């Protein structure tokens, strides 16, 4: 699908006028840091989800919109290219298309306290369809893998060694460069590869992924 360039429909001067667009009443819900734009964000996401179906594999991660001006919501993320900006939690399709987005507004954002809850909340609309969720080691855990499997959803991701419920057979295994070791719990499949992170793959028992 071809995407038309904005310049074909809007001049630069007209685009600059968008800075003056206002969507909210300043006297309403001023305790919410996102109240000026949340209604627009919700409307955009609702329209996207009404016409777009995410792929079999989806990814959950954080993204950073570069921004260095004064803003209480501004975050610093060391491993991001720009460093400073506005953090977003996103669920993206395999083609990179953003299906769900939530702006991080620090204490006033109603996100769950645990990373497992964040993922489960984001995935509510795509569960029970046999999809695969891909996460990094900040989200991935055995608890999350099992909760997703209960909803007929798979999990693939890197995993920190100090996470709970990891098989000691995997975490304590000494490997040489290039070696690979795997073990299988009741419903989970864990593997370890030398010089790489560990991956829990909660596929059905009759499937193994190497």
Exercise. Listed residues 43, 80; which is surrounded by 14 or more Cβ atoms within 10 Å (Cβ to Cβ) and free of Cβ contacts under 8 Å to residues at least 40 places away in the same chain?
Worked result: 80
For this session: Just need a number here: residues in the range 91-121 that are out of contact with any strand residue (DSSP E or B) (no Cβ under 6 Å at 6 or more places or on another chain), closer than 24 Å to residue 163 by Cβ, assigned to a loop (DSSP other than H, G, I, E, B) and modelled with pLDDT of 80 or more.
Result: 0
For this session: Exactly one condition in (1) under 30 Å from residue 167 (Cα atoms); (2) part of a loop (DSSP other than H, G, I, E, B) is not met by residue 146; state its number.
Result: (2)
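Yes/no per residue for (1) surrounded by 10 or more Cβ atoms within 10 Å (Cβ to Cβ); (2) within 23 Å of residue 141 (Cα to Cα):
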{"residue": "22", "(1), (2)": "no, no"}
{"residue": "27", "(1), (2)": "no, no"}
{"residue": "49", "(1), (2)": "yes, no"}
{"residue": "68", "(1), (2)": "yes, no"}
{"residue": "71", "(1), (2)": "yes, no"}
{"residue": "86", "(1), (2)": "yes, no"}
{"residue": "89", "(1), (2)": "yes, yes"}
Exercise. Is it fair to say residue 166 is part of a loop (DSSP other than H, G, I, E, B), crowded, with 17+ Cβ neighbours inside 10 Å and touching a helix residue (DSSP H, G or I) at 6+ places or on another chain (Cβ under 8 Å)?
Worked result: yes
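The values are calculated or read from the model by the stated rules, or taken from the named source; none is laboratory data. What you see is a predicted model, and the numbers here were worked out from it, not measured in a lab. Note: ideal-geometry Cβ built from the backbone for every residue, glycine included; neighbour counts use all protein chains shown.
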